[in-house]
Amino acid sequence: MEKSISISFTDCCVLLTLIQMAMFVSMKEMDISKKHHHKVQHGPCSYTFLLPEIDNCQSPSTDFHVSNTLQRDAPVQPDHHWPSKKLQELESITENNTQWLQKLETFIQDNIRGEMGNVQPSVLQNQTAAILEIGTNILTETAEKARKLTDVETQVLNQTSRLEIQLLENSLSTNKLEKEMMLQTQEIIKLREKNSFLEHKVLEMEGKHREEIEDLKSEKLQVDEILSKQSTLIGDLEQQIDVATLNNSLLQRQQMAILETVGQLINMVSQSNPDIPVVPKEEQMIFRDCVDVYKSGLTSSGVYTLRFPNATTTVKVLCEMEISGGGWIVIQHRKDGSVNFHRDWKEYKEGFGSPSGEYWLGNEFIYQLTSYGSYVLRIQLRDFDGNEAYSLYDHFSLGSEEQNYRLQVRGYSGTAGRTSSFSSTGTEFSTKDVDNDRCSCKCAQMATGGWWFDACGPSNLNGIYYQGGHSTAKFNSLKWHYWKGPTHGLKTVSMMIRPTDI
């Protein structure tokens with residue numbers, strides 16, 4: 001009975017030792033290589049114990065508090081003092097456990113010495129072998145569990161590291177986005193300031209424009225009043241001009257009757273007295289142009305008969321044979337104001353006046369003539385002081401009546417001003433009853449006469465003829481602005497053309 005009790009007590013001691021070892025191993029879920037070991041030598045056998053670490057967990061500090069404030073994810077800051085504290089605690093626990101194990105070993109050895117003599121060696125060996133096998137199995141299972149726990153712990157650490165890296169990346173991205181948002185916010189603030197500044201400027205400009213518009217409206221009303229007054233004056237002037245035109249027509253009829261009477265008297269005298277020389281009748285000869293007249297041997301300036309190109313219609317013209325080689329067809333001539341040039345469209349189309357005095361050749365004949373060849377235009381001027389000047393144009397032609405006898409002119413030279421006073425190319429002809437100018441004021445009525453008016457312009461050689469010098473010149477007088485100014489009176493004016501290839 002005593003033997004069985006002592007053996008059971010010994011077995012219990014060994015078994016308790018192995019169970020304690022297994023419990024220490026299973027309680028510690030850390031890397032085994034980092035644990036503290038305790039080795040006990042008993043005869044040929046040695047026992048290694050894994051000491052528990054009870055201080056793995058730190059108690060929360062006194063200043064620990066829970067905050068409801070949302071924090072940005074960031075890695076936990078490590079406690080650099082924790083390893084040294086933990087090492088001290090483990091050393092004290094190890095020392096206590098070592099003392100306890102030494103006492104346990106002494107107790108086991110004392111009990112084994114007293115009972116070893118009474119126990120049979122074979123039975124003892126069998127029991128020891130069984131206990132060792134049980135311990136070995138327990139140690140094997142414990143080691144396997146420790147290995148699995150180590151693998152799990154490694155995976156957890158790896159996953160934790162990945163999560164920490166992702167948290168760091170997210171934190172960096174968040175910081176970057178926050179900076180970009182701040183920059184965008186600053187830009188938006190600047191844009192709002194600029195927008196406010198521009199709105200203020202726009203309001204100021206609108207106020208100024210309103211004031212200017214009001215001023216323009218008042219000026220427009222004043223101009224409208226002036227125009228209405230001028231229209232009334234123009235109407236009165238037209239009535240006066242119509243009366244004067246009627247009087248001039250009567251005078252022209254009387255003049256023509258006198259001329260016919262004089263012609264009859266000359267014929268009668270010539271027939272009754274053959275000694276009186278008779279003037280040659282060159283007008284009975286028909287020519288193509290004045291150059292043809294000149295080449296035929298008639299080199300004196302005078303009135304000759306020309307035929308329309310490709311037609312049987314004839315017209316009497318004044319040929320200038322003395323200026324710049326002769327051969328000039330005079331299409332307009334002013335010298336004394338004996339003919340009224342304030343005529344309508346039809347009269348300017350067909351021509352009027354007398355070639356031996358003042359006359360307008362006719363827009364239709366000029367168009368027909370210049371449409372079949374290239375012609376040069378020369379404008380000869382003379383003032384009341386005897387000064388002469390001319391304007392020469394290398395090309396001159398007129399459009400058809402459907403084109404309102406549109407002017408084509410270029411290549412200016414001459415002594416009547418550095419700049420041409422003639423209207424520009426493309427200007428259409430206007431009369432008192434047909435307004436084709438580029439002005440709402442009707443230049444043909446204000447300046448009188450038919451002309452190529454471009455907003456009235458710097459020239460009008462068909463205006464009213466005023467006797468005297470520049471002191472009597474008016475807006476509606478004969479005008480060639482760039483020679484001696486708009487107020488300088490002209491005594492004689494001639495417009496003449498001839499072919500360029502003479």
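Were the residues from Thr174 through Lys295 laid out at 0.36 nm apart, the gain over their Cα-Cα distance would be 33.2 nm.
For Thr305 and Asn96 in one chain, what is 0.36 nm times their gap in residues minus the Cα-Cα distance, to one decimal in nm?
Fully extending the segment from Thr305 to Asn96 adds 59.7 nm.
Accessible area per residue for segment 383-495 is 43 Å², calculated with a 1.4 Å probe on protein heavy atoms, without ligands, DNA or RNA. Between Lys220 and Asn126, the modelled labels are 13.4 nm apart [label points 7 Å from Cα along Cα→Cβ]. The slack in the chain from Ser356 to Leu203, taken as 0.36 nm per residue of separation less the alpha-carbon distance, amounts to 48.0 nm. In order along segment 313-324, the phi-based Karplus estimate (6.51 cos²θ - 1.76 cosθ + 1.60, θ = phi - 60°) of 3J(HN,Hα) comes to 6, 10, 8, 8, 10, 8, 9, 9, 10, 10, 8, 6 Hz; Gly and Pro are listed as x. In this structure segment 136-227 gives 89 Å² per residue of accessible area when probed at 1.4 Å with all protein chains present. Can you give me the long-range amide H partners of Ile331? Hydrogens built in the peptide plane at 1.01 Å from N, cutoff under 5 Å, separation of 5 or more residues or another chain. Distant-sequence amide H within range of Ile331: Met495, Met496, Ile497.
Model label sites at Gln159 and Leu250, defined 7 Å from Cα along the beta-carbon direction, differ in position by 12.9 nm.
In this structure, the amide hydrogen of Ser397, modeled 1.01 Å from its nitrogen in the peptide plane, lies closer than 5 angstrom to those of Gln408, counting only residues at least 5 positions away or on a different chain.
Between Gln408 and Ser231, the distance separating the two model label sites (each 7 Å from Cα on the Cα→Cβ line) works out to 3.8 nm. The listed peptides 359-372, 400-413, ordered by packing as a protection proxy, come out as 359-372, 400-413 (highest mean of other Cβ atoms within 10 Å first).
Spatially, segment 313-331 and segment 421-496 are offset by 23 Å when compared through their Cα centroids.
The values are calculated or read from the model by the stated rules, or taken from the named source; none is laboratory data. Remember, it's a predicted structure, so these values are computed and weren't measured experimentally. Don't worry about glycine lacking a Cβ; one is built from the backbone with ideal geometry, like all the others, and counts go over all protein chains shown. Note: areas computed on protein heavy atoms with side chains; ligands, DNA, RNA excluded. Shrake-Rupley method; radii C 1.70, N 1.55, O 1.52, S 1.80 Å.
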